[in-house]
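Structure first, then comments.
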Amino acid sequence: MATIDLGKGMPAADLHDDKPVAGSFGSEDVILVRHRGKVCAFAGKCTHQGAPLETGLVIDGTVRCPWHHARFSLNDGEAVAAPAFAPLDKFTVVEKDGVVTVTGKEEQTRATPSTRSIGKVVIVGGGAAGHACADMLARSGLGGDVTILSDDADAPYDRTAVSKDYLAGDAERDDTALPEPGLGRGPAPNVRTGVAVTSIDVEGHAVVTDDQDHVPYDILVLATGAMPVTPDSLKSAKNVFVLRTLADADALKAAAKDARRAIVLGASFIGLEAAASLTQAGLNVAVVARDSVPLAKVAGPEVGAFVQALHESKGVTFHLDRGLKQFDGHTATLDDGTTLEGDLLVIGVGVEPRIDLAKAAGLRLADKDAGGGGVAVDAQLRTSATGIYAIGDIASYPDPRLGHPIRVEHWVHAQRQGQWLARSLLGAVTGGYGDTPFFWTGQYDASLHYVGHVAKPDDRRIEGDVEAGDFAVFLKEDGKEQAVMTCGDRDEIALEKEAAWDAA
Ligand SMILES: Cc1cc2nc3c(=O)[nH]c(=O)nc-3n(C[C@H](O)[C@H](O)[C@H](O)COP(=O)(O)OP(=O)(O)OC[C@H]3O[C@@H](n4cnc5c(N)ncnc54)[C@H](O)[C@@H]3O)c2cc1C
Ligand code: FES
């Protein structure tokens, strides 16, 4: 289909409120939007991974990306909510005599940096939450006061690629890098990699690193994430791999080069993504899991059966309702005596929040059953110690919609908490953190989106055809729809639900 040349103009009557129109200006993709009576034009592709923004949702002064729900301001194109960081280019528009015409690209002018001083900010952890928090502070001109201390040897990267494109061999190492915090606006934060924080001196307002450095802080942000659980029986076994870091993926990729058969323990999202990526890399993969249907506890048996069938169509075999008794580096013995040959075994049985530092510092921890475990924070993401905050996978926070504390292990959620905390420290937001949790998973060509939070769904309502991969499954807890999982053409339902629940 020929795109509209917006440089030549289009009838104003064809541009409806909040329905973006895709076109071009010169060689560039552009979207034209009429919102709250004003017409504006921006680059047409999301700066995260290039989604076409004409299929996004225009709401509350923003356009929300259809793929991973980044939000861009319709005022200036700023990426106001992760996972995108870079702004959209803005174009000038003229509406005259019933015709709307794009006339050029605007010079990028960015908001004046904050003059507020919040003192020295130390962030422990350079993952999703820590990086996004540092970025938002640096975008506001305070990067020079921010230090990230990360025990990962690599500079901040996109962890979601570790089990997907990078493991499958579809992305290079460099492709996984996250942008420099602050995008080059003002001083950059000091990012120290390969440095572990070993303790917090709560009274003295300093952290101690493994190289005996005492780093003082006015504000301390704990963003230590989670680590994979390794069953005791596998702790000293050979050819066993976990997947959390880029280095983990490097080790697995190196082993996979000479391997023919892989065993994946656990049908979690990470386990299934690993199974898909290793299959795509040419290995025969067997999944062993205690569940009778993969993902049924999260999204119901129908979605689980769809995902299982998708894997089976690619050659993956499943050993369900089964536990692993032993793996000797080459042969796995299951609890019913079945043996499976495997050149390597990948563990995907879940993660534990990294709370050692917080625990040793005496910070209040959350109850595992009532708040998902982790570090207890209030609506402003404050821990029980003055000046110390916790965000991302470790934080158990009061979800305003559910009315009780939850801990969430999603990429965008961790980033948004980091961004929210930065804005809160800058005095740019009031109230408490309340974004609706969102995650996606990619396996082969299928992408599933999940919005909301249900610990244990007790009922569900299905729209569409699950078997055909075109569905929305609304998940209920205590009789109320609290989450939705979507796939295919119905992904826009997840986007709309997120916006509706954010506003509730
Ligand atoms: C392989 C993989 C794929 C995933 N894919 C998806 C996906 O597709 N969609 C989705 O929504 N979610 C996904 N997730 C989940 C998502 O990545 C996490 O929820 C998110 O990274 C949490 O962010 P965080 O900042 O809390 O923790 P992390 O990103 O884990 O970052 C924690 C950081 O803290 C550092 N650290 C910890 N302790 C210390 C210490 N004592 N001293 C110094 N540094 C320390 C670590 O090195 C790390 O840099 C995936 C997770 C994995 C492992
Ligand atoms: S492509 Fe837009 S958020 Fe990922």
- Task: Pick out the one residue from PHE85, PHE42 that is in contact with a strand residue (DSSP E or B) (Cβ under 8 Å, 6 or more places away or on another chain) and either near ligand 2 (Cβ under 9 Å from one of its atoms) or in contact (Cβ under 8 Å) with a residue 60 or more places away in the chain (or both).
- Result: PHE85
- Query: Consider ASP491 against the criteria (1) charged (D, E, K, R); (2) within 30 Å of LEU278 (Cα to Cα); (3) buried (at least 17 other Cβ atoms within 10 Å of the Cβ); (4) at pLDDT 95 or above: it satisfies all of them except one. Which criterion is unmet?
  - Reply: (4)
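Yes/no matrix, rows are residues, columns are (1) within 29 Å of SER424 (Cα to Cα); (2) aromatic (Phe, Trp, Tyr); (3) surrounded by fewer than 19 Cβ atoms within 10 Å (Cβ to Cβ):
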| residue | (1), (2), (3) |
| --- | --- |
| LYS96 | no, no, yes |
| GLU106 | no, no, yes |
| ARG116 | yes, no, yes |
| LYS120 | yes, no, yes |
| GLY130 | yes, no, no |
| ASP135 | yes, no, no |
| ALA138 | yes, no, no |
| ALA155 | yes, no, yes |
| LYS164 | no, no, no |
- Going by the structure shown, is PHE85 in contact with an Asp or Glu (Cβ under 8 Å, 6 or more places away or on another chain) and within 16 Å of ligand 1 (Cβ to nearest atom)? yes
- Note on the structure: Filtering the range 397-437 down to residues that are of a type in the set (A, V, I, L, M, F, W, C), under 22 Å from VAL122 (Cβ atoms) and assigned to a loop (DSSP other than H, G, I, E, B) yields LEU426, ALA428, VAL429
- Query: Somewhere in the range 259-277, is a residue modelled with pLDDT under 95, more than 28 Å from CYS133 (Cβ to Cβ), more than 16 Å from ligand 2 (Cβ to nearest atom) and not β-branched (Val, Ile, Thr)?
  - Reply: no
- Message: I need the full set of residues from the range 134-151 which are small (Gly, Ala, Ser) and in a helix (DSSP H, G or I), in order please.
- Response: ALA134, ALA138, GLY143, GLY144
- Query: Taking ASP399, is it away from ligand 2 (no atom under 16 Å from the Cβ) and in contact (Cβ under 8 Å) with a residue 24 or more places away in the chain?
  - Reply: yes
- Given (1) touching a residue at least 12 places away in the same chain (Cβ under 8 Å); (2) within 14 Å of ligand 1 (Cβ to nearest atom), GLY169 misses just (2)
- Go through the range 58-79 and count every residue that is within 13 Å of ligand 2 (Cβ to nearest atom) and touching a residue at least 24 places away in the same chain (Cβ under 8 Å). 9
- Single residue of the range 353-396 satisfying the filter (outside any loop (DSSP other than H, G, I, E, B) and modelled with pLDDT under 95) that is surrounded by the most Cβ atoms within 10 Å (Cβ to Cβ): GLY371
- Task: Hey, can you tell me all the residues within the range 77-117 that are part of a loop (DSSP other than H, G, I, E, B), within 22 Å of GLU180 (Cα to Cα) and modelled with pLDDT of 95 or more?
- Result: GLY77, GLU78, ALA82, PRO83, ALA84, PHE85, ALA86, PRO87, LEU88, ASP89
- Item | Enumeration of residues in the range 30-69 that are of a type in the set (D, E, K, R) and buried (at least 17 other Cβ atoms within 10 Å of the Cβ) | ARG34, LYS45, GLU54, ARG64
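The values are calculated or read from the model by the stated rules, or taken from the named source; none is laboratory data. Keep in mind the model is a prediction, meaning the values are calculated, not measured. We place every Cβ from the backbone using ideal geometry, glycine too, and count neighbours over all the protein chains shown.
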